[in-house]
Amino acid sequence: MVSLAAARVPSFNFILLFQTLMIPLFLSVVLIFVTLVGATTLIREEIEDQTMPYLLTRPISKPAIVLYKYLGYLISVLVLLVPPLVLAYAVTIGYSGDSFSADSDVLAGFLVTTVLGSAAYGALFLFLSVLVRKPLAIGLLIGFVWESIVGSLPGDVPKISVIHYLRSILKGMIAVGPLNSYTTDISAGLAAGILIAFTAAMIVLSLAVFQQMEFRQKA
């Protein structure tokens, strides 16, 4: 009787629950918040503290300073974001009773979006940090208002948001998930290429703006 009753109850899809929670919470909140806090202070903090002139007295060029700070940011952010992501996936798989590689497409999709999202958002917020005096405030508007509203509009409007390409990557890489019905005409590969190009463009713009800035030591 017990076995017959159990046979009638469909098994709970833990990995689908994992995706349903992680897409709005991790991708749209945690990722943006961590990259925002980490990247907006890269250059602006040195400028506001007036320590940039002392940094420039070292035998290192302005572009090198920006690149080293960005690479340091990217490494630290990934160290902060990737382990909890993998742990959450491992716990979910453990509850479902499947092997760790049973839903490897889900883990791979979230790892790729974490890396590319950290790079893209970080480059965008880096650009804000060299462009405006209050990059955190503007970054909050972009990250939590622009990305949320524009990324949810119909038609081609979401293509001017980073989150659209992250969702497109997840849809293309994960066989079964809540984004299967997400409307996009961009493949995972193309979305990744666009994010890489966007990241490079934002870094180049940051280098160009920072190169033109002048700093004076305090008297």
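Every number here is computed from the coordinates shown, using simple stated rules; none is lab data. Note that this is a predicted model, so its numbers are computed, not measured. Cβ atoms come from the backbone with ideal geometry, glycine included; neighbour counts cover every protein chain shown.
Things to note:
- Computed [θ] at 222 nm, helices only, for the chain once each DSSP H run of length n ≥ 4 contributes -39500 (n - 2.57): -21000 deg cm²/dmol
- Dipole magnitude for the chain: computed about the Cα centre from +1 point charges on Lys and Arg Cβ and -1 point charges on Asp and Glu Cβ, it is near 420 debye.
- Against the chain, whose longest principal axis comes from its Cα atoms, helix 188-212 is set at around 20 degrees.
- Put in order of Cβ neighbour count within 10 Å, fewest first, the listed residues ASP156, ASP103 become ASP156, ASP103.
- Lysine pairs within segment 12-212, Cα separation less than 28 Å, 8 or more sequence positions apart or different chains: 4
- Identified option (computed Cα Rg over 2.2 N^0.38 Å; candidates (i) 1.11; (ii) 0.99; (iii) 1.22): (iii)
- Nearest-0.05 FRET efficiency for SER104 and VAL29, computed from C-beta distance (R0 22 Å): 0.30
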